[in-house]
Each structure stands twice: as C-alpha cells, then as structure tokens.
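Okay, so here's the structure we're looking at.
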Amino acid sequence: MSKSYQVVYLSDLEKLNNKSISMGRNQNIPVQTIKELKANGTVVAVVSMSFLHNEVEQRLVLYAGEKYGTLLCDVSFNDFKKYVKTLNMEAE
C-alpha cells in the first residue's frame with residue numbers, strides 16, 4: 001500500500017516564493033530560509049494543506065522540517081496546478 005503526499009520541489013518553491021515576493025503577496029517564505037533549505041540538501045517541502053486565500057490566490061501551508069515549523073506562501077491558481085505535485089511513497 002502506498003501513501004500520497006502533495007509536495008513542492010525546492011527549486012520550484014524558490015521560483016514561487018520569488019514571484020510571491022515580487023508581486024507583494026501577503027505570505028511568503030523568508031529568502032534566508034530558502035537559502036538554508038538549499039544548503040541543507042532539502043529536496044521537497046510537503047504541502048500540509050492549501051486553501052483558497054482570495055479570488056486569485058491559493059495559500060500553501062508547507063512543512064520542510066522541524067526546524068522551520070509552518071511555512072506559508074501565496075501562489076496563483078495556475079502556479080499551484082503547475083508546481084504542486086503528488087509524490088507516492090510505498091509503505092513498508
């Protein structure tokens with residue numbers, strides 16, 4: 001039996017976050033946190049949940065390890081569809 005997770009690959013998360021910052025969206029991840037995640041070899045962030053933020057944005061609630069707690073990033077609906085992927089893990 002496998003378990004599915006919604007994830008964002010770190011390279012994509014960096015793009016999404018930079019876009020979020022440049023567009024002045026309400027929630028984004030500190031650039032230093034993205035740099036630390038890259039330096040630590042983090043590959044993906046798990047999408048704990050997502051919800052409609054307003055009529056044009058989806059809010060991602062992300063988990064990238066205990067050290068960072070909950071990370072929030074607002075993204076467009078199109079970017080959500082493009083970058084949030086399903087990762088299937090086989091149960092042991």
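Mind checking which residues of the stretch 50-63 are in contact (Cβ under 8 Å) with a residue 40 or more places away in the chain and either basic (Lys, Arg) or over 14 Å from TYR83 (Cβ atoms) (or both)? Explain how you work it out, then say what you get.
Going residue by residue through the stretch 50-63, those that are in contact (Cβ under 8 Å) with a residue 40 or more places away in the chain are 50, 60, 62.
Result: no residue meets the conditions.
Quick check on VAL47: is it touching a residue at least 24 places away in the same chain (Cβ under 8 Å) and buried (at least 19 other Cβ atoms within 10 Å of the Cβ)? Explain how you work it out, then say what you get.
Numbers: touching a residue at least 24 places away in the same chain (Cβ under 8 Å): yes; buried (at least 19 other Cβ atoms within 10 Å of the Cβ): yes.
Criteria met by VAL47.
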Looking at SER22, SER2 in this structure, which one is out of contact with any Ser or Thr (no Cβ under 8 Å at 6 or more places or on another chain), of a type in the set (Ser, Thr, Tyr) and modelled with pLDDT under 95?
SER2
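Yes/no matrix, rows are residues, columns are (1) of a type in the set (S, T, N, Q); (2) surrounded by fewer than 16 Cβ atoms within 10 Å (Cβ to Cβ); (3) modelled with pLDDT of 95 or more:
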position: VAL31; (1), (2), (3): no, yes, yes
position: ASN40; (1), (2), (3): yes, yes, no
position: ASN54; (1), (2), (3): yes, yes, no
position: LEU60; (1), (2), (3): no, no, yes
position: CYS73; (1), (2), (3): no, no, yes
position: MET89; (1), (2), (3): no, yes, no
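Taking the stretch 2-49 as the region of interest, how many residues are in a helix (DSSP H, G or I), among the small types (Gly, Ala, Ser) and touching a helix residue (DSSP H, G or I) at 6+ places or on another chain (Cβ under 6 Å)?
Applying the first criterion (in a helix (DSSP H, G or I)) to the stretch 2-49 yields 10-22, 31-39.
Filter again for among the small types (Gly, Ala, Ser), leaving 11, 20, 22, 39.
Those left that are additionally touching a helix residue (DSSP H, G or I) at 6+ places or on another chain (Cβ under 6 Å): none.
Of the residues in that region, 0 qualify.
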Which residues, taken from the stretch 50-79, are under 15 Å from ASP12 (Cα atoms), assigned to a strand (DSSP E or B) and of a type in the set (Gly, Ala, Ser)?
SER76
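Within the stretch 1-14, count every residue that is surrounded by 16 or more Cβ atoms within 10 Å (Cβ to Cβ) and either touching an Asp or Glu at 6+ places or on another chain (Cβ under 9 Å) or not aromatic (Phe, Trp, Tyr) (or both).
If we filter the stretch 1-14 for residues that are surrounded by 16 or more Cβ atoms within 10 Å (Cβ to Cβ), which is where we start, we get 6-10, 12-14.
From what's left, either touching an Asp or Glu at 6+ places or on another chain (Cβ under 9 Å) or not aromatic (Phe, Trp, Tyr) (or both): 6-8, 10, 12-14.
Counting residues in the stretch 1-14 that are surrounded by 16 or more Cβ atoms within 10 Å (Cβ to Cβ) and either touching an Asp or Glu at 6+ places or on another chain (Cβ under 9 Å) or not aromatic (Phe, Trp, Tyr) (or both) gives 7.
The values are calculated or read from the model by the stated rules, or taken from the named source; none is laboratory data. It should be emphasised that the depicted structure is a prediction, and the values quoted were computed from it without experimental measurement. Reconstructed Cβ throughout: ideal geometry from the backbone, glycine too, with neighbour counts over all protein chains shown.
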